[in-house]
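See below for the structure under consideration.
Quick note: the coordinates plus some simple rules give every number you see, no bench work behind them. Bear in mind the structure is a predicted one, so any value in this text is a computation, not a measurement. Positions of Cβ are backbone-derived with ideal geometry, glycine not excepted, and every protein chain shown enters the neighbour counts.
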Amino acid sequence: MVFAKSAKFALSIGIAAFAIIQGAYAEEAVAERCIPIKSIKRTKIVDDQTIAFYLNNGKIYNNRLPHRCPGLASANSFKYETAQSELCSVDLITALHQTAGQLTPGAGCGLGQFTPTDDPEKKADAEKKPGK
């Protein structure tokens with residue numbers, strides 16, 4: 001009887017662990033490496049490491065940069081240059097600051113993957129919490 005309870009408990013733990021692992025893989029699977037440039041409706045700089053991309057079809061993608069981009073949060077905008085029709089995780093952005101009526105380039109930073117979200121600021125806050 002003790003063995004049966006232990007086996008059921010171990011099976012429950014195994015199923016829970018499998019569900020957690022599957023969830024993690026599912027979340028990673030939906031991240032996009034690129035998005036078509038012509039589908040970008042607007043962007044919003046969330047913080048020094050996150051940019052929200054709003055697409056024409058209503059989808060929103062967070063791009064969590066692999067490293068903090070100094071001055072991005074205080075920038076009015078950013079620019080990118082690519083020879084492709086898509087913006088990808090290997091591309092670089094440059095923060096643009098308004099100074100004396102002109103846009104001045106700031107730090108250049110690499111993009112990360114594009115992760116679907118429904119609330120970019122909430123998702124960015126969750127990614128900044130310890131243990132994430």
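In plain terms, the C-alpha convex hull of the range 34-128 casts an average shadow of 5.9 nm² when viewed from every direction. Distant-in-sequence amide contacts of A73, defined by a placed amide H-H separation under 5 Å and a gap of 5 or more residues or a different chain, comprise D48.
Most exposed first by the Cβ proxy, i.e. fewest other Cβ within 10 Å, how do Y54, Y61 rank?
Values: Y54 16, Y61 21.
Result, fewest neighbours first: Y54, Y61.
The label point for L92 and the one for R68, both projected 7 Å from the Cα toward the Cβ, are 2.1 nm apart.
Amide H contacts of A107 (H built 1.01 Å from N, in plane; Pro and chain starts excluded): A95 sit under 5 Å, all sequence-distant by 5 or more or on other chains.
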